[in-house]
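Here is the structure we will look at.
The values are calculated or read from the model by the stated rules, or taken from the named source; none is laboratory data. This structure is a prediction, so every number in the text was calculated from the model and none was measured. When we count neighbours, we look across all protein chains shown, and the Cβ atoms used for this are built from the backbone with ideal geometry, even at glycine.
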Amino acid sequence: MKFTAVLLGAVLVIGGLLAYSVIPNVHTIPVQSSLLLASPLPIVIRPGFQAETQQNITILPDRSNEMIINVTASLDSGSPSSINFKLFAGSRMSSCTNDTNPSGCLVNEIVSNETIRVPLNASTTYYFVFDNKDSSSSRIVLFSASLFTSSVETMVARDGELNFVALGFGGVGLLVVLYGVAAKTVIPWE
């Protein structure tokens with residue numbers, strides 16, 4: 001047995017395994033999910049009226065929450081049309097539905113065939129209002145809403161290039177230890 005080879009090999013094995021366990025390799029994983037909030041059932045709105053639907057939405061903390069709304073408006077005949085669409089949180093109902101000076105709406109626009117993205121930051125009741133008060137003909141509205149959440153998860157692994165180099169040093173150290181143990185020592189006779 002060669003003591004210096006065994007000692008050097010043991011140092012390489014310990015150093016390689018220690019380096020392998022200390023060097024992190026960080027992975028970031030995007031995580032996305034979606035939830036259908038409102039199904040695309042047709043809503044018929046008579047002239048001079050408005051239709052309202054509400055949805056309790058619970059957002060996920062520490063994530064990006066976005067509602068995607070698809071709205072398509074048409075006349076009874078099926079030809080494309082437009083309608084005033086308002087979206088607001090329950091606490092903003094009186095200010096957003098005010099006919100003279102609406103404020104506090106998350107969305108307040110004339111839509112015909114639109115996809116609208118709205119970032120959400122509160123779990124509350126949201127109101128979807130389709131206003132046909134200024135029209136003399138009925139409107140048919142198809143709308144769907146989905147909540148999309150996204151986040152980035154971080155995972156620490158030991159699968160990087162430097163980790164494998166460290167394991168390589170540990171493997172070389174193991175070979176040196178085996179050599180040192182198996183080698184015969186020559187004792188010189190005087």
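Hand me the list of strands (runs of 3 or more DSSP E) wholly inside segment 102-182 holding 3 or more residues that are out of contact with any helix residue (DSSP H, G or I) (no Cβ under 7 Å at 6 or more places or on another chain) and on the phi > 0 side of the Ramachandran plot.
none
For VAL22, the criteria (1) loosely packed, with under 14 Cβ neighbours inside 10 Å; (2) touching a residue at least 24 places away in the same chain (Cβ under 8 Å); (3) over 16 Å from ASN70 (Cα atoms) hold in every case but one, which is (2). The condition of being of a type in the set (Ser, Thr, Tyr) and surrounded by 15 or more Cβ atoms within 10 Å (Cβ to Cβ) holds for SER81. A single member of ALA73, ALA89, ALA38 is at pLDDT 90 or above, assigned by TED's automatic domain parsing to the domain that holds SER144 and either within 30 Å of SER150 (Cβ to Cβ) or surrounded by 16 or more Cβ atoms within 10 Å (Cβ to Cβ) (or both), and it is ALA73.
Candidates are the residues of segment 1-19 that are loosely packed, with under 15 Cβ neighbours inside 10 Å and hydrophobic (A, V, I, L, M, F, W, C); the one that is nearest to VAL156 (Cα to Cα) is LEU18.
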